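**Q** Handing you a structure now.
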Amino acid sequence: MIYLLSDQAHEGVEHLPLFEIRFDTTPIDLSPYDALVFTSKNAVKALDCLDPSWRQKASYAIGEGTSAWIERLGGTLCFTCEDSYGDRFAEKIASDLTGKTVLFPRAKEVSSSLYAILRECGVRVDERIVYETFCRSYEPHCAPPKNARLIFTSPSTVRCFFKNFEWDESYKAVAIGTKTAAAFPPSFRVYIAQKPSIASCIDLAKAI
């Protein structure tokens, strides 16, 4: 059995959502900003709830999932970075953002140095926490069965899994990227998807 531990379900695999997202409802003034930098689809959704005028701003996205949500909500997508790592994303877009005033809407906890790198490159960037992740609570009997393939889509899913369940030695872990894989204890064997997408994780889970 393959279990997806993300907040969203996917056809063909079992869904076990380990966390929930809560958006910040504090009003925000987007008028000073020329561009927006998104590293997650939840940041896009959260900002859309706060001020729909973001759709007229130039948006820079990391990953296909994030860019898809920008387009779905009617945003102005200028660049998509297929690399799933925020540090490399920052390096790729820094020159294009020089001279612009930029907003980085983000989660309360982030695993990259994107903000610092953009600042070091001379980009005028502000960051704003627009959502927070909370672990859900499960009873022990809700744990995946033996020999399950478990797909982890963020460091938060790893943290929330171990907050709820014991690790069975028959499990096999698939991570969407190296940041997620690094959230496991060093002794764990973790398979990393070739591309930072749910589809790629599922393909890998089927193959191992």
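The values are calculated or read from the model by the stated rules, or taken from the named source; none is laboratory data. What you see is a predicted model, and the numbers here were worked out from it, not measured in a lab. Cβ coordinates were reconstructed from backbone atoms using ideal geometry, including for glycine residues, and neighbour counts include every protein chain displayed. Ligands, DNA and RNA are excluded from the accessible area calculation, which covers all protein heavy atoms including side chains. Shrake-Rupley method; radii C 1.70, N 1.55, O 1.52, S 1.80 Å.
**Q** For segment 10-95, which semi-axes, largest first and in whole Å, follow from the square roots of 5 times the eigenvalues of its Cα gyration tensor?
**A** 22, 18, 12
**Q** In terms of Cα to Cα distance under 15 Å, which aspartates and glutamates are near enough to Lys172, apart from those fewer than 8 places away along the same chain?
**A** Here the aspartates and glutamates satisfying the reach criterion relative to Lys172 are Glu14, Asp203.
**Q** Still on this structure: Do you know the relative contact order of segment 1-151, to the nearest whole percent, from alpha carbon pairs under 8 angstrom that are 6+ apart?
**A** 28 percent.
**Q** While we're looking at this one, here's another question. Measure off 7 Å from each Cα along the Cα-to-Cβ vector at Cys49 and Lys172, then give the distance between these two points in nanometres to one decimal.
**A** 3.7
**Q** Among Thr133, Cys201, Ser111, whose Cα projects farthest towards the positive end of the dipole of the chain, with charges put on the beta-carbon of Lys, Arg (+1) and Asp, Glu (-1)?
**A** Cys201
**Q** Tell me, what is the FRET efficiency for Gln56 and Asp203 to the nearest 0.05, using R0 = 30 angstrom and their Cβ-Cβ distance as r?
**A** Efficiency, from the Cβ-Cβ distance: 0.20.
**Q** Of Cys121, Cys81, Cys49, Cys135, which has the most accessible area with a 1.4 Å probe, and how do the rest follow in descending order?
**A** Solvent-accessible surface, decreasing: Cys49, Cys121, Cys135, Cys81.
**Q** Which number do you get for Rg(Cα) / (2.2 N^0.38 Å) in segment 135-182?
**A** 1.10
**Q** For a label point 7 angstrom out from the Cα of Arg119 toward its Cβ, which stretches of segment 31-50 have the backbone nitrogen within less than 17 Å?
**A** Output list for this probe position: 37.
**Q** Another one. In square nanometres, what is one fourth of the surface area of the convex hull spanned by the alpha carbons of the chain?
**A** Value for the chain: 11.5 nm².
**Q** Also: Once ligands and nucleic acids are excluded and a 1.4 Å probe is used, how much of Ser187 is accessible, expressed in Å² to the nearest 10?
**A** 110
**Q** Can you give the accessible area of Ile208, probe radius 1.4 Å, in Å² rounded to 10?
**A** 40
**Q** Then there is this: How much accessible area per residue does segment 120-162 have, counting only protein heavy atoms and a probe of 1.4 Å, in square angstrom?
**A** 52
**Q** Right, here's the next one. Only Cα pairs within less than 10 Å get springs; with that Gaussian network setup on the chain, which residue of Arg149, Arg136, Arg106 has the largest fluctuation?
**A** Arg136
**Q** Turning to a different aspect of this structure: Take the alpha carbon gyration tensor of segment 20-62, find the square roots of its eigenvalues, order them as a ≥ b ≥ c, and report rounded if a/c is under 1.5; if not, report prolate when a/b exceeds b/c, else oblate.
**A** Oblate, because a/c is 1.5 or more while a/b does not exceed b/c.
**Q** Carbon and sulfur atoms: what percent of the 1.4 Å accessible area of segment 101-208 do they account for?
**A** 48
**Q** Still on this structure, please answer the following. Of the trypsin sites (Lys or Arg not before Pro) in segment 4-92, which ones lie in a loop per DSSP and count no more than 14 other C-beta atoms within 10 Å?
**A** none
**Q** Would you work out the charge dipole size for segment 1-119 about its Cα centre, treating the Cβ of every Lys and Arg as +1 and the Cβ of every Asp and Glu as -1, and quote it to the nearest 20 debye?
**A** 320
**Q** Suppose R0 equals 25 Å; then what is the FRET efficiency for Arg189 and Cys142 from their Cβ-Cβ distance, rounded to the nearest 0.05?
**A** Between Arg189 and Cys142 the formula returns 0.55.
**Q** Using 1/(1 + (r/R0)^6) with R0 = 41 angstrom and r between the beta carbons of Arg159 and Glu11, what's the FRET efficiency to the nearest 0.05?
**A** After rounding, the FRET efficiency stands at 0.95.
**Q** With a 1.4 Å probe and all protein chains left in place, how much accessible area per residue does segment 22-98 have, in Å²?
**A** 47
**Q** Would you calculate, for the chain, the mean residue ellipticity at 222 nm contributed by helices, counting each DSSP H stretch of 4 or more residues as -39,500 (n - 2.57) and dividing by all residues, to the nearest 500?
**A** Helix-only estimate at 222 nm: -8500 deg cm²/dmol.
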